[in-house]
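Chemist: Take this structure, written in structure tokens, and hold onto it; I'll ask about it next.
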Number of protein chains: 2
Amino acid sequence: MKKHPKPTESELQILRILWTEGPSTVREVNNVLSVEKQVGYTTTLKLMQIMAEKNLVNRNTDSKTHIYQANILEHDTQKNLIKSLVDQAFGGSAMELVLQALGNHKTTNEELDQIKKLISQLENVKHD
Amino acid sequence: MKKHPKPTESELQILRILWTEGPSTVREVNNVLSVEKQVGYTTTLKLMQIMAEKNLVNRNTDSKTHIYQANILEHDTQKNLIKSLVDQAFGGSAMELVLQALGNHKTTNEELDQIKKLISQLENVKHD
DNA sequence: CATTGTCTACGAAAGGATTCGTATATAATG
DNA sequence: CATTATATACGAATCCTTTCGTAGACAATG
């Protein structure tokens, strides 16, 4: 069932670009990436080729310029990364992480409302 | 200000043992570690030596058998790891991570109460 | 006191992640 | 059509992490 390896940090940077930009060429990804860090074109190319081998991305090779596309969902990836962190640093307790993240974070009223909404949803589920 | 590198996964395993067990010898750490994974004594030794070089741990070399002790706080480490994850996978939004973690996690009533308590504390801070 | 056990130190192998130079193919341009 | 620009492929260097074998110091034991 687990088909995809955990993406590395560099791979995650590229995935985030693909998630927000949609299917892209290496050139396009590299252009966006260049804003956040200095990186050569062939470096990005190589990374994306490796990601294709790992099935983290698909690529369409119909035209000479290949088009790459994320093959894992942002939401699923975030979920897996959270689980890793929870296991590695919070002894498996997701709630510990939540409380830490909440406590350290400056929260706006809108965000608090958002959480309260989610909490009441969670409570409603329990009452069913 | 930033003195300590981000611990690797293996280093984090050892730190967790030091945090819960307190100052320990390599042998003691390795014994605990052996429960969760098969690992040779010298492997653990080497890792802990590296961690000492990185100042992630202190070691007392008064006696022949050295005593190691965590040199970074569990809480701070968790905070830094959360920040890394938030930056790398949640575009810097801690709230996104919280909502995800909450949503994916099966929450008990006690945990919900805990969060509600934290939220009202956060709200009180705002009213000051 | 010789043997056995336990410790640290050291070095190196193995694997993965990251970076980039170079070669080659192909398209675009004058 | 020659030149220039842009693409992929490939391989290698570098760096980091992880693992462990071996050697030497020292203590404990028979």
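The values are calculated or read from the model by the stated rules, or taken from the named source; none is laboratory data. All values reported here derive from a predicted model rather than from experimental measurement. Reconstructed Cβ throughout: ideal geometry from the backbone, glycine too, with neighbour counts over all protein chains shown.
Chemist: Yes or no: segment B:89-99 includes at least one residue that is touching a helix residue (DSSP H, G or I) at 6+ places or on another chain (Cβ under 9 Å) and within 16 Å of DNA strand C (Cβ to nearest atom). I'd like the intermediate steps shown before the answer.
Modeler: Applying the first criterion (touching a helix residue (DSSP H, G or I) at 6+ places or on another chain (Cβ under 9 Å)) to segment B:89-99 yields B:89-99.
Filter once more, so that each one left must be within 16 Å of DNA strand C (Cβ to nearest atom): B:89.
For segment B:89-99, residues touching a helix residue (DSSP H, G or I) at 6+ places or on another chain (Cβ under 9 Å) and within 16 Å of DNA strand C (Cβ to nearest atom): present.
Chemist: Mind listing just one residue for me: the one in segment B:22-40 that is surrounded by fewer than 14 Cβ atoms within 10 Å (Cβ to Cβ) and on the phi < 0 side of the Ramachandran plot and, of those, nearest to DNA strand D (Cβ to nearest atom)?
Modeler: Initially, segment B:22-40 is screened for residues surrounded by fewer than 14 Cβ atoms within 10 Å (Cβ to Cβ), giving B:22, B:27, B:34-38, B:40.
Keeping just the survivors that are on the phi < 0 side of the Ramachandran plot gives B:27, B:34-38, B:40.
Numbers: B:27: 14, B:34: 10, B:35: 14, B:36: 11, B:37: 7, B:38: 7, B:40: 3 Å.
Selected residue: B:40.
Chemist: With A:121, A:100, A:114, A:49 as the choices, which residue is polar (S, T, N, Q) and more than 21 Å from residue B:118 (Cα to Cα)?
Modeler: Values: A:121 fails: more than 21 Å from residue B:118 (Cα to Cα); A:100 fails: more than 21 Å from residue B:118 (Cα to Cα); A:114 fails: more than 21 Å from residue B:118 (Cα to Cα).
Of the residues listed, the single one that is polar (S, T, N, Q) and more than 21 Å from residue B:118 (Cα to Cα) is A:49.
Chemist: Pick from segment A:2-37 the residues that are in a loop (DSSP other than H, G, I, E, B) and farther than 21 Å from residue A:85 by Cα: which of them is nearest to the other protein chains (Cβ to nearest Cβ)?
Modeler: The first filter runs over segment A:2-37 and keeps only residues in a loop (DSSP other than H, G, I, E, B), leaving A:2-8, A:22-23, A:25, A:37.
Applying the additional criterion that residues be farther than 21 Å from residue A:85 by Cα yields A:22-23, A:25, A:37.
Values: A:22: 16, A:23: 20, A:25: 23, A:37: 13 Å.
Here the residue is A:37.
Chemist: From A:21, A:36, A:110, which residue is within 20 Å of the chain's Cα centre (by Cα) and at pLDDT below 95? Write out each step before concluding.
Modeler: Values: A:21 fails: at pLDDT below 95; A:110 fails: within 20 Å of the chain's Cα centre (by Cα).
Just one listed residue meets the conditions, A:36.
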